[in-house]
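Undergrad: Right, I'll just put the structure down here and ask away after.
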Amino acid sequence: MADTFVDFRSIAGGRNLLVLTAAPGDESLFCGGLIAEACARGRPPFVSVLTDGSRIDIPGLDDPTPAGIAAQHARQTMRATGILGVPDDWFLVLGLYDGTAPTSGARFDAVVNALALIMWRRDCEVAAVPWAADSRPNYAASHAVGRALVAHSGIGLVTYRTSNGVDGVDGALRLKPTPSLARRSAALAMHPHISSDFDEGYYPWL
């Protein structure tokens, strides 16, 4: 089944979004168009990054220690979300060490509770999280957080693809081109570790 191009409302239902990504840069690569379009419509999403990205090398970084890498990723992601239109106080790096994101237990519950509080404070009604087809630990944890938020707060859920052609899953919804989508390329440029582009795709469960 081919992808279908749709209006923003077909993906988010016209409701406020919380976008949870597994790693720095994912917000621009996998969700940049959605975030930019939401901001252009006056409904900026709250963007949260689950892990610190300390295992994702950054070309040319002066301080290639895990702490230096994590700090630079945080700065780059804040610049990227700003380009997409997200206010500074609508962005948060949760900062779990790369590769340690839990899918259960006390730390997992703490993440879910923190995001549930943010969603309540920011009037977010839909969570966008990685799809279930990606079994990498950080992505599986992010998906599990989304499912837990649905169970905890009764919100809507949108999953977004993080690779093409995995497990035969296709037929995603894609945004029709709009002027705001041009911001995505500029946001991607803030992340020098990203070397290839990607076609965003969404699976709403509203």
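Undergrad: Specify the residue that is nearest to LEU96 (Cα to Cα); the eligible residues are those in the stretch 6-50 that are touching a Pro at 6+ places or on another chain (Cβ under 8 Å) and polar (S, T, N, Q).
TA: Out of the qualifying residues, it is THR21.
Undergrad: Pick out, from the stretch 4-91, the helices (runs of 4 or more DSSP H) lying fully within it that include 3 or more residues that are surrounded by fewer than 16 Cβ atoms within 10 Å (Cβ to Cβ) and out of contact with any strand residue (DSSP E or B) (no Cβ under 6 Å at 6 or more places or on another chain).
TA: Counting at least 3 such residues, we get 66-84.
Undergrad: Name the single residue, out of those in the stretch 14-65 being charged (D, E, K, R) and closer than 18 Å to THR159 by Cα, that is farthest from the chain's Cα centre (by Cα).
TA: ARG15
Undergrad: Taking SER48 as meeting all but one of (1) within 17 Å of ASN138 (Cα to Cα); (2) in contact with an Asp or Glu (Cβ under 6 Å, 6 or more places away or on another chain); (3) not aliphatic (A, V, I, L, M), write down the number of the exception.
TA: (2)
No value in this document is a laboratory result; all are computed from the given coordinates. Quick caveat, the model's predicted, so the values are computed rather than measured. Cβ atoms come from the backbone with ideal geometry, glycine included; neighbour counts cover every protein chain shown.
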